[in-house]
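One structure is given below, encoded as structure tokens.
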Amino acid sequence: MIPYGRQEITSSDIKEVKKVLTSNFITQGNKVPKFEKLVAKKVKAKYAIAVNSATSALHLSCMALGVTKNDIVWTSAISFVASANCAVYCGAQIDFVDISLKNYNICSKKLEEKLKIAKKKSLLPSVLVAVHMCGQPCDMKRIYDLSKKYKFKIIEDASHAIGSKYKNTLIGSCKYSSITVFSFHPVKIITTGEGGIATTNSKKLMEKLQILRTHGITKNQKSNSSNNGEWYYEQIDLGYNYRMTDISASLGISQLKRLDSYVKKRNDLAKRYDIKLKELPLILPKIPNYITSSFHLYVVLLDTNQLKINRLKLFNKLRSVDIGVQIHYIPIYKHPFYKKLFKKNFKLNNSEDYYERCISIPIYPSMKRWQQDKVINALRKFLV
Ligand SMILES: Cc1ncc(COP(=O)(O)O)c(C=O)c1O
């Protein structure tokens, strides 16, 4: 099966991980702080806090921003469920914004309309989770301006988007947000096995995230008396064990060296798809010139006006010839858990339309020419 995405593990990755495995610290050693420093430096953020998944990072980000049951959090309907779950973990009310069919991200126009209505009803969100779908950044400047006007905070769910740029700024710099979150799951741009990181420029948020990822415990307690020795620690908040291991961090350090080349390889593959698929009844990704996408995903939309085959048939045909296409994503509000939570039927037109027609075709740095040709030829065969 040619998967839609996969990791690349090199001999130098293995060497670095082996070093940690035979060292004294396989967790809580010096690799996690080193990885954090390198990521922060790379994306030009002041701080980075590594955890065991992007899901954990999103949860802690909501907590650090003070999200509770009294809050409303908005996110994109088209994302992985974790973008919404993070708010539900905190007891907050979740609501979804429709996407733009230009970039499959939150539509800033629809966001503005929804904010106007919410203001009248006193139902404004305190946090917006802006998802950079496929690696293509959201319209961040516009969303940031709206956040100032309507007084909400922004978490960038950049699980797909390490290495992406928006107006010459690398995603993760938090120029337009309080916190940015990356995922290092194996299908993402770089991997730590499982893993995630939150970046921020706020010392206060950094300290909060650090404490929350490790049970709410601190060793820098104010109440330390002279009778307490080196052993002493205090739990000052209710946190979790969301720590990243040094094994994972060492893999991340090694992978991070190849981030730029991975983004380039993904963009080269995307360009080739752009050229080879342009005659087919498909809507291909269009990236504006002020954006660099990491191309975590290459999503095509079926042009159903011109097509006889439906999406399910195409999906099954591609899978039957060992092409591991996937659907990203089912609108979150369609999941039974969310249906139950809302107790009403939710429907966002663009999200529904997108979901009916989207299909993610394989793209990953170690993809061979013959593998890409196989995908292209299969699409030609099944679509024409
Ligand atoms: C948009 C988005 N957010 C969050 C996550 C959660 O990432 P993780 O698997 O690292 O918890 C994913 C993972 O697929 C994702 O695609």
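With every protein chain present, what is the per residue accessible area of the chain (1.4 Å probe, Å²)?
The answer is 48 Å² per residue.
Say R0 is 41 Å: what FRET efficiency, to the nearest 0.05, do Lys219 and Gln93 get from their beta-carbon distance?
On the way: r = 36 Å, r/R0 = 0.88.
Plugging the Cβ-Cβ distance into 1/(1 + (r/R0)^6) gives 0.70.
Using the Karplus relation 6.51 cos²θ - 1.76 cosθ + 1.60 with θ = phi - 60°, the per-residue 3J(HN,Hα) values for region 7-18 come to 6, 10, 10, 9, 5, 6, 4, 5, 4, 5, 5, 4 Hz, with x marking Gly and Pro. Loop-located GluC sites (Glu not before Pro) in region 219-285 (DSSP state other than H, G, I, E, B) with a sparse environment of at most 13 neighbouring Cβ atoms within 10 Å: Glu230, Glu279.
Say the cut-off is 20 Å between C-alpha atoms; which of Lys19/Lys264; Lys41/Lys203; Lys317/Lys381; Lys286/Lys317 go over it? Each step should come with its number before you reach the end.
On the way: Lys19/Lys264 29 Å; Lys41/Lys203 16 Å; Lys317/Lys381 10 Å; Lys286/Lys317 26 Å.
From Lys19/Lys264; Lys41/Lys203; Lys317/Lys381; Lys286/Lys317, over 20 Å: Lys19/Lys264; Lys286/Lys317.
Modelled this way, with points 7 Å down the Cα-to-C-beta line, the labels at Arg380 and Leu21 are 4.4 nm from one another. Of the residues Asn105, Asn228, Asn350, the one that moves most in a GNM of the chain with alpha-carbon contacts below 10 Å is Asn228.
Within the chain, antiparallel bridges make up roughly 60 percent of the DSSP beta bridges whose residues both belong there.
Summing charges over neighbours of Gly196, with a neighbour being any other residue whose Cβ is under 14 Å away from its Cβ, gives -1 when K and R count +1 and D and E count -1.
Other residues whose C-beta falls under 10 angstrom from the C-beta of Lys141 contribute a net charge of +1, scoring Lys and Arg +1 and Asp and Glu -1. When the alpha carbon gyration tensor of the chain is reduced to an equivalent ellipsoid, the three semi-axes, largest first, read 36, 27, 17 Å. Stokes-Einstein diffusion of region 260-383 at 4 °C, 1.567 mPa s viscosity, Kirkwood radius from Cα pairs, rounded to a whole number: 82 µm²/s. All other residues whose Cβ lies under 13 angstrom from that of Met206 are scored, Lys and Arg at +1 and Asp and Glu at -1, for a net of +4.
Residues whose amide H comes within less than 5 Å of that of Val97, counting only those at least five positions distant or on another chain, are Thr75, Ser76, Ala77 (H built at 1.01 Å from N in the peptide plane).
Once the Cβ-Cβ distance of Ile309 and Glu8 is raised to the sixth power relative to R0 = 41 Å, the FRET efficiency obtained is 0.80.
Between region 8-28 and region 189-213, the C-alpha centres lie 21 angstrom from each other.
Contact order, relative form, for the chain: 23 percent (alpha carbon pairs under 8 Å, 6 or more residues apart, mean separation divided by residue count). Highest-first packing order for the peptide set 316-328, 169-181, 250-262 is 169-181, 250-262, 316-328, based on the mean count of other beta carbon atoms within 10 Å. Multiplying the residue separation of Leu101 and Ile117 by 0.36 nm and removing their Cα-Cα distance gives an extension gain of 3.5 nm.
The values are calculated or read from the model by the stated rules, or taken from the named source; none is laboratory data. Everything numeric here is computed off the predicted structure, so don't read it as measured data. All Cβ positions, glycine included, derive from the backbone under ideal geometry; neighbour counts span all protein chains shown. Remember, those area values only see protein heavy atoms, side chains included, never the ligands or the DNA or RNA. Shrake-Rupley method; radii C 1.70, N 1.55, O 1.52, S 1.80 Å.
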